[in-house]
Amino acid sequence: MNLKGKTIWITGASSGIGEALAIELSKNENNLILSARRTDVLSEVKEKLKYPERAAVLQLDLTDSSSFLEKYEKAKSFFGSIDVLVNNGGISQRAFAHEASLDVDRKVFEVNYFGAIGLTKMVLPEMMSRKSGHIIVISSVVGKFGFPMRTAYSASKHALHGFFESLQLEQAKNNLNITIVCPGRIKTNISLNAIDKDGKKHGVMDPGQAGGIPADVCAKRIISAVKKNKREVFIGGMEALLAFIKRLSPAMFHFIASRVNPT
Ligand SMILES: NC(=O)c1ccc[n+]([C@@H]2O[C@H](COP(=O)([O-])OP(=O)(O)OC[C@H]3O[C@@H](n4cnc5c(N)ncnc54)[C@H](OP(=O)(O)O)[C@@H]3O)[C@@H](O)[C@H]2O)c1
């Protein structure tokens, strides 16, 4: 999709990949709706944009699906129809399955899966009648393979692939594009914000995260993939290779991934 001048709704725009996407997209003269829970931080992000006057802040809690219709109407009130939805907001996990309460699994799914598909169901009908629109979903390389201490997180990202790959097939006739992004380790606050076995913040910048690729590099690569209407894109270092190793040799994948430090 040619993104120039388009109206783009980004969730998780207060931090990391979402913030970096907002900053990059603003250079394209896009109208941006910045969503997350922390509106004070979103306002700071807005002031970092090339065209702050072309951006609006919209508070959104991805666990509150009862608010989605009202949020969608509000989002359209700023600049008109939504051309692109970026389902980016998410949380990770740093807990073993046998220690984490079921509430932790549910919380991860509420944000990462039901939040993304709930907002998608809001924008779809109008995109279908216009026969135009692009939905971007930020999955993960662990949406392609399992990983220790990420059971619910990995499962929520696998679920996104099931939903959005099916949607790609359903919407091909309507000219709608869906790009599923599979980042590896990106240097953001995701490990700080990840939840532990009790649902509390992990609060640690994990070494693996600190060594990840910068969020602005990730954002540029996402935008490049969207411009080419890619259905799926991998962004990361060696960890992204594990997805291909798993396809070639599941036994070799198991040998390597069970020995990788999960933090
Ligand atoms: N960083 C990586 O290595 C990596 C790798 C693969 C995939 N990803 C994916 O990339 C996406 C962005 O993550 P990030 O790395 O940029 O992490 P981040 O810096 O922790 O940002 C997460 C964003 O999600 C928002 N968020 C969290 N819970 C929310 C909720 N209940 N309602 C609304 N917004 C919520 C946060 O905003 P508020 O706290 O203000 O609500 C924040 O803006 C996630 O989907 C993540 O799974 C990241």
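List of remarks:
- Unique residue being β-branched (Val, Ile, Thr) and part of a strand (DSSP E or B) when the list is 23, 17, 10: 10
- Scanning region 1-24 for residues that are open to solvent by less than 10 Å² (accessible area, probe 1.4 Å) and of a type in the set (Ser, Thr, Tyr), we see that the one that is nearest to the ligand (Cβ to nearest atom) is 11.
- Single condition residue 193 does not satisfy, out of (1) buried (at least 23 other Cβ atoms within 10 Å of the Cβ); (2) within 12 Å of the ligand (Cβ to nearest atom): (1)
- Selected residue (only one of 149, 128, 122 is in contact with a Pro (Cβ under 7 Å, 6 or more places away or on another chain) and either of a type in the set (A, V, I, L, M) or near the ligand (Cβ under 9 Å from one of its atoms) (or both)): 149
- First in region 230-247 and free of Cβ contacts under 8 Å to residues at least 24 places away in the same chain, second anywhere and in a helix (DSSP H, G or I) and open to solvent by 40 Å² or more (accessible area, probe 1.4 Å), Cβ under 8 Å, 6 or more apart: 245/252; 245/256
- Residue 210 meets the conditions (1) within 12 Å of the ligand (Cβ to nearest atom); (2) modelled with pLDDT of 95 or more; (3) aliphatic (A, V, I, L, M) in every case but one. The failed one is (2).
- Cβ separations smaller than 6 Å between residues 6+ apart or across chains give the following pairs from region 150-166 residues that are within 16 Å of residue 197 (Cα to Cα) to residues that are open to solvent by 10 Å² or more (accessible area, probe 1.4 Å): 150/142; 151/97; 152/105; 154/142; 154/146; 154/147.
- Subset of region 231-263 (residues that are charged (D, E, K, R) and over 20 Å from residue 186 (Cα atoms)): 231, 246, 247, 259
The values are calculated or read from the model by the stated rules, or taken from the named source; none is laboratory data. Values in this document were obtained by computation on a predicted structure and should not be read as measured data. Don't worry about glycine lacking a Cβ; one is built from the backbone with ideal geometry, like all the others, and counts go over all protein chains shown. Ligands, DNA and RNA are excluded from the accessible area calculation, which covers all protein heavy atoms including side chains. Shrake-Rupley method; radii C 1.70, N 1.55, O 1.52, S 1.80 Å.
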